[in-house]
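J.: My structure is below; once you've seen it, I'll send some questions.
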Amino acid sequence: MKGLTLKEAIESRHSIKEFDPEVKIPQETMEEMIALATKAPSSINLQPWRFVIIEADEAKEAIRDHVQFNTRQLDTSAAFVLVLSDNNHVNDLDRIIQKNVSKGYMNQIVKTENTQIMQQLIDKAPKELMYAQGMMDAAMAAMQFMLIAKDYGYDTNPIGGFERLEVLDALNIDGERYAPVMCIAIGKGLKEHYPSSRHDVSEIMSYNISETGVIGKKKGF
């Protein structure tokens, strides 16, 4: 680990398109990074994120025709991390809260009360809302993973351009249960990132009640 501050990790993280193909990431290290990524928040602590580490040549070849224009990242990265949301994550409610009891975070009485309240909220929520919530939560874990990877000395590239159902099928993953969020190529970068601009804060932020209905003020170049 480099021991970067959070600000340093954010400012030094860039999307890298080509990696050193000789670099491999030990499974123990990958699991450490994933464990830290799952410290991200999630709605009702349901933790819908799931990760598939695509590192073997056979697995990479299985999805190669389905990653569109991202084959260079696939071929050279130490791994492609497929981030998904588990559409069945709501079924984990009781198990998660019971774990809190076993760790001494709450007693059984509080657990019973909390489970009942949360289950009622879940039962009333539209399926579309729970799907969107799962995707959002998994995306937060994905962003956290990329910052953690930077602190571990690795570069990343988040990828949305891939054929989702075909990738799931190639990896023998249940496409009804799991919803792909993104792939993240990870490894040691060979080339510098391409510089890219960002909106000025004044262009993307407003305070309180809007006077115009529009957020931010556009600036010229």
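J.: Skipping prolines and chain starts, which residues have an amide H placed within reach, meaning under 5 Å, of the one on Met182, given they are 5 or more residues away or on another chain?
T.: When sequence neighbours closer than 5 places are left aside, the close amide H contacts are Val83.
J.: Please arrange Tyr152, Tyr105 by accessible surface area, largest first, computed with a 1.4 Å probe and ligands excluded.
T.: Sorted descending by solvent-accessible area, the residues read Tyr105, Tyr152.
J.: Using only alpha carbon pairs under 8 Å that are at least six residues apart, calculate the relative contact order of region 1-106 and give it in whole percent. Can you show the working numbers first?
T.: Details: 73 pairs, mean separation 37.2, N = 106.
Once divided by the residue count of region 1-106, the mean separation gives 35 percent.
J.: Between Asn107, Asn45, Asn157, find the one with the highest GNM mean-square fluctuation for the chain; connect C-alpha pairs within less than 10 Å.
T.: Result for the chain, Cα springs under 10 Å: Asn107 fluctuates most.
J.: Pull out a ≥ b ≥ c, the square roots of the eigenvalues of the alpha-carbon gyration tensor of region 125-221, then state rounded if a/c is under 1.5, prolate if not and a/b is larger than b/c, and oblate in the remaining case.
T.: Oblate, since a/c reaches 1.5 and b/c is not below a/b.
J.: Now a separate question. In whole Hz, with x marking every Gly and Pro, tabulate ³J(HN,Hα) for region 51-57 from phi via Karplus 6.51 cos²θ - 1.76 cosθ + 1.60, θ = phi - 60°.
T.: Per-residue couplings from phi come out as 10, 10, 8, 9, 10, 6, 4 Hz.
J.: Over region 146-207, what relative contact order in percent results from Cα pairs under 8 Å that are six or more residues apart?
T.: Working: 38 pairs, mean separation 23.3, N = 62.
RCO, region 146-207: 38 percent.
J.: Related question: Tell me, what % of the accessible area of the chain is carbon and sulfur with a 1.4 angstrom probe?
T.: The nonpolar share, carbon plus sulfur, comes to 53 percent.
J.: Next up: Going from most exposed to least, what order do Val83, Val23, Val201 have by accessible area with a 1.4 Å probe?
T.: Descending order: Val201, Val23, Val83.
J.: Rounded to the nearest 10 Å², what accessible area does Asp169 have for a 1.4 Å probe in the complete protein model?
T.: 120
J.: Of Lys17/Lys150; Lys103/Lys124; Lys39/Lys124; Lys7/Lys191, which sit over 21 Å apart, Cα to Cα?
T.: Check vs 21 Å cut-off fails for Lys103/Lys124; Lys39/Lys124; Lys7/Lys191.
J.: Provide the packing ranking of 127-133, 178-184, i.e. peptides ordered by the mean count of other C-beta atoms within 10 Å per residue, highest first.
T.: In descending order of packing, they fall as 178-184, 127-133.
J.: Right, next: Using modelled backbone amide H atoms (1.01 Å from N, in-plane), which distant-in-sequence or interchain residues come within less than 5 Å of Asp155's amide H?
T.: Those lying under 5 Å, H to H, from Asp155 are Gly187, Lys188, Gly189.
J.: While we're here: Restricting the count to DSSP beta bridges whose residues both fall in the chain, what percent are antiparallel, rounded to a multiple of 5?
T.: 95
J.: Hey, what do the phi angles of region 156-173 turn into as Karplus ³J(HN,Hα) couplings, whole Hz, using 6.51/-1.76/1.60 and θ = phi - 60°, x for Gly and Pro?
T.: Working through the residues one at a time gives 9, 8, x, 10, x, x, 8, 7, 4, 5, 5, 5, 4, 5, 5, 9, 6, 10 Hz.
J.: Could you identify which residue out of Glu18, Glu192, Glu211 has the top mean-square fluctuation in a GNM of the chain using Cα springs shorter than 10 Å?
T.: Glu211
J.: What residues have an amide H closer than 5 Å to that of Ala79, excluding those fewer than 5 places away on the same chain, when H is modeled at 1.01 Å from N in the peptide plane?
T.: Those lying under 5 Å, H to H, from Ala79 are Ile186.
J.: Taking the highest mean first, how do the peptides 109-117, 74-82, 91-99 order by number of other beta carbon atoms within 10 angstrom per residue?
T.: Highest to lowest by the protection proxy: 74-82, 91-99, 109-117.
J.: With a length cut of 27 Å (Cα positions projected on each helix's long axis) and a Kyte-Doolittle mean of at least -1.0, go through the chain and give me the DSSP H helices that pass.
T.: Helix filter hits for the chain: 127-151.
J.: Per residue of region 180-189, what does 6.51 cos²θ - 1.76 cosθ + 1.60 with θ = phi - 60° give for ³J(HN,Hα)? Whole Hz please, x for Gly and Pro, Karplus curve as stated.
T.: x, 9, 5, 10, 10, 7, 9, x, 9, x
The values are calculated or read from the model by the stated rules, or taken from the named source; none is laboratory data. None of the values given here were measured: they were computed from a predicted structure. Note: ideal-geometry Cβ built from the backbone for every residue, glycine included; neighbour counts use all protein chains shown. Accessible surface areas use protein heavy atoms only, side chains included; no ligands, DNA or RNA. Shrake-Rupley method; radii C 1.70, N 1.55, O 1.52, S 1.80 Å.
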